[in-house]
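Throughout, read-outs are computed from the coordinates displayed, never taken from laboratory work. Small disclaimer: the values here were computed from a predicted structure and weren't measured. When we count neighbours, we look across all protein chains shown, and the Cβ atoms used for this are built from the backbone with ideal geometry, even at glycine.
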Amino acid sequence: MNVKDKRQGRTIPEQEGRRTMTKTTVAKFGLLAGGLVFAGGLMFAGGTQEEDPPSVAQVVALDECDPGTFNAALGPDFCKNVALGAATKLTDLFAKAKAGTPDPGWDFEPDTVNIKQGATLNVFDQGGEPHTFTEVAQFGGGFLPVLNAPGEDTVPECAGGFSNLAVAKTRILQGSQRQITGLSKGEHLFECCIHPWMRVKVEVK
Ligand SMILES: [Cu+2]
């Protein structure tokens, strides 16, 4: 991800850069994959010259937050439940996490994603509250100790919570999506830094 930031950091305002970086990164990575021989000519043509456009894989974030109890504690409109009748109260969510049996209604689906190098991962928050989709070296605890399993420490990638810009950039608000591009071949682990039992393993071939 740092590569993208460096590539985009030159002239584009930071906010805009963040929004546009996925598209341009796809284009650039695609071009690199397509062959550097033609790079000079293709650079101005954008990403449309690829013979096989990168495929897109979908991941959805789900939850069953209860608006009454969540919003009383976390602010109005924090939770917009879309689970049609299924709802977990905030205190129940805490209790289940503390017991080491976190609520399965908070979930990324699918749990494992297989993509080819160059493909785009679209992560859509179809739940009622915010999540993060954060790459981690190893699965572990998020930045809210109250939601971590017993004895589970915060992983370095989640440390600091949203006051850490690197974590904040991985946040996905309800009803919005985040695109992940440029993943190298091999295994990548992603988790939610708020609800750390929400985990996805991405295999890039
Ligand atoms: Cu979450």
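Can you work out the FRET efficiency for the pair GLN58 and GLN138, with r the C-beta to C-beta distance and R0 = 30 Å, to the nearest 0.05?
0.75
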Interchain or long-range residues, amide H under 5 Å from THR120's placed H
SER55, VAL56, ALA57
Convert each backbone phi in the stretch 97-114 into a coupling constant with the Karplus relation 6.51 cos²θ - 1.76 cosθ + 1.60 (shift: θ = phi - 60°), then list the ³J(HN,Hα) values in order as whole Hz, x for Gly and Pro.
5, 5, 7, x, 10, x, 5, x, x, 9, 7, 9, 10, x, 7, 10, 10, 10
Across the stretch 72-205, how many lysine pairs, 8 or more apart or on two chains, come within less than 30 Å at their alpha-carbon atoms?
21
Can you give the FRET efficiency to the nearest 0.05 for LYS201 and ASP77, using r as the Cβ-Cβ distance and R₀ = 25 Å?
0.15
Going toward the positive end of the dipole of the stretch 56-204, with +1 on Lys and Arg Cβ and -1 on Asp and Glu Cβ, which of VAL146, ILE180, GLY68 do you reach last?
ILE180
What are the residues whose amide H is under 5 Å from the amide H of THR132, where those residues sit 5 or more places off or on another chain and H is modelled from the backbone?
ILE172, CYS193, ILE194, HIS195
Order these peptides, 90-100, 194-204, by their mean beta-carbon neighbour count within 10 angstrom, highest first.
194-204, 90-100
